[in-house]
Amino acid sequence: MKNIYAISALALLLGATSAHAAGYQLNEFSANGLGRSFAGLGVVGDDLSALGYNPAGMTLVKYSGVQAGLALTEIAAKAKSEYGTDKMDYFVPLPSLVGQYNVNDKLFIGAGVYVPYGLSTSYKHDSHAATQSENGTRKSELEVIDGNLSIAYRFDNGLSLGASGIIRHIEGKLTSNVNKKELPDGLGLYSDFRVKGWSHTYQLGAMYEFNKDSRIGLSYRAKSTQHTHGKHYISTSDPVTAQMLCEIMGVCLVGKFKSMSDPELPTSWILSGYHKFAPKWGTSFSVKYIQWHRFSVFPGKSSWPGLIAKNGRNDVEYRWKDAWTFALGQDYYLNDNWTLRAGLAWDQSPTPSNTYRTNRIPDSDRIWASAGFSYMMGNHEFDFGYAHVFMMHGRVRNNNKNDAQCQDLQAKYHNHSNMLAFQYQYKF
């Protein structure tokens, strides 16, 4: 029994499908942005979300105010394998709250709390992904919450500059079946891996206004390294056998153990523009570049004695590549109260091939189609956005096939997502 293998529990913390954006980055803290497929990030100036995308765009808002939003994102997927079909279909809520104060017509400050990264997958305990794969994939959750404090300054020549200081909290949870042939029949080990921690990062932005109807902006968000610690719980459906193994081996596989991980969240760049080419029509675009290659290897460590990797480490290789997003949006200013909008986007997946696509991250390229509207009444504004995300079919073919601890269920994935966002603005 010396070679009882561990589940690759650290595979995981960030391993799950994100129906929101390729990889696991989120944009859903602007209902107006969702309505145009997030074209014109930070430079349209029709809500208070600029501090999360390009803080220089705060200078476009002529009022102080607060904004509260809620996005509901559907996670919908079918995994077809030789054993049958696994399904998941549920909604994940993503709240946000931002505020801005205009000191004068040149200096602007803002603060916000929102979710820039996150993901969730949930397979049933008797699904094929949970019972027929070495990794025993069941549930994965990741939530990153940013606390943002921003400042922006408008110069007389049309240039605006902005900066954000960001405090970041991360929390990850993972549950899995431990499916190892070396385990006695019926032992039934289950893994519950949890970590959390804090980090910090920053964001810089610049925007240039050619005139009141035409502008362009560029922003940069720095990487952050998440220093996380937590607990790794191992339980069993057969405590008697587990106790016998503990006495025979001199080490117990069931109990509470220490866990940690230091993954990096990527650097990103956003180039956005807006042009109002007629009194009632405004066109926007965005190009986003995310340096996902920093997620090439996911680092992890656990004190669980079933983990046979050197020094308790269980690094998992993903070999993600950098990815691009291109978005185009259109606003129609119907009258003083109503604005209608729509958008299209292409979102590139960082997954390099079927070999490195996993049951926890069955990511693929996607196309966004969205629409939305705003209604303004005095100091109040109500915003709504909807998007349907068409995801390309992707296959999982035993990622990391040279590592016996990292075998996923070979399956073909059919994924899609629907997203709804509601937002309220109060203008002082």
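Quick notes
- Meets criteria (among the acidic types (Asp, Glu) and without any contact (Cβ under 8 Å) to a residue 60 or more places away in the chain) for residue 146: no
- Subset of segment 304-336 (residues that are in contact with a helix residue (DSSP H, G or I) (Cβ under 6 Å, 6 or more places away or on another chain) and either open to solvent by less than 70 Å² (accessible area, probe 1.4 Å) or at pLDDT 95 or above (or both)): 318, 320, 322, 323
- Criterion violated by residue 339 - all others in (1) under 30 Å from residue 412 (Cα atoms); (2) surrounded by fewer than 24 Cβ atoms within 10 Å (Cβ to Cβ) satisfied: (1)
- Among residues of segment 94-104, those that are farther than 11 Å from residue 63 by Cβ, open to solvent by less than 60 Å² (accessible area, probe 1.4 Å) and not hydroxyl-bearing (Ser, Thr, Tyr), counted: 3
- Residue 188, sole failed condition from (1) of a type outside the set (D, E, K, R); (2) open to solvent by 10 Å² or more (accessible area, probe 1.4 Å); (3) out of contact with any Ser or Thr (no Cβ under 6 Å at 6 or more places or on another chain): (3)
- Selection from segment 236-274 of residues that are touching a His at 6+ places or on another chain (Cβ under 9 Å) and closer than 30 Å to residue 321 by Cα: 259, 260, 261, 262, 266
- Selected residue (criterion: nearest to residue 117 (Cα to Cα)) from residues of segment 49-83 that are of a type in the set (S, T, N, Q) and in contact with an Asp or Glu (Cβ under 7 Å, 6 or more places away or on another chain): 73
- The one condition from (1) within 23 Å of residue 323 (Cβ to Cβ); (2) aromatic (Phe, Trp, Tyr); (3) more than 21 Å from the chain's Cα centre (by Cα) that residue 220 does not meet is (3).
- If you go through segment 242-256 and keep only what is open to solvent by 20 Å² or more (accessible area, probe 1.4 Å) and assigned to a loop (DSSP other than H, G, I, E, B), you end up with 250, 251, 252, 254.
- If you go through segment 1-53 and keep only what is of a type in the set (Ser, Thr, Tyr), assigned to a loop (DSSP other than H, G, I, E, B) and modelled with pLDDT of 50 or more, you end up with 24, 30, 37, 49.
- Some residue of segment 105-116 being closer than 30 Å to residue 397 by Cα and crowded, with 16+ Cβ neighbours inside 10 Å: yes
- Residue within segment 60-68 that is of a type in the set (A, V, I, L, M), farther than 23 Å from residue 375 by Cβ and either outside any strand (DSSP E or B) or open to solvent by 30 Å² or more (accessible area, probe 1.4 Å) (or both) present: no
- Condition met for residue 232 (assigned to a strand (DSSP E or B), open to solvent by less than 20 Å² (accessible area, probe 1.4 Å) and out of contact with any Pro (no Cβ under 6 Å at 6 or more places or on another chain)): yes
- Top-ranked residue in segment 150-185 [being hydroxyl-bearing (Ser, Thr, Tyr) and either modelled with pLDDT of 90 or more or under 27 Å from residue 98 (Cα atoms) (or both); ranked as most open to solvent (accessible area, probe 1.4 Å)]: 153
- For first residues located in segment 58-86 and farther than 27 Å from residue 129 by Cβ, partners that are among the hydrophobic types (A, V, I, L, M, F, W, C) and surrounded by fewer than 21 Cβ atoms within 10 Å (Cβ to Cβ) and lie 6+ apart or on another chain with Cβ distances below 6 Å form the pairs 64/428; 65/428; 68/97; 70/422.
- Residue check, residue 147 at pLDDT 80 or above and within 23 Å of residue 284 (Cα to Cα): no
The values are calculated or read from the model by the stated rules, or taken from the named source; none is laboratory data. Keep in mind that this is a model prediction, so the values were computed, not measured. Glycine gets a Cβ as well: all are built from the backbone with ideal geometry, and neighbour counts include every protein chain shown. Side chains included, ligands, DNA and RNA excluded: accessible areas come from the protein's heavy atoms. Shrake-Rupley method; radii C 1.70, N 1.55, O 1.52, S 1.80 Å.
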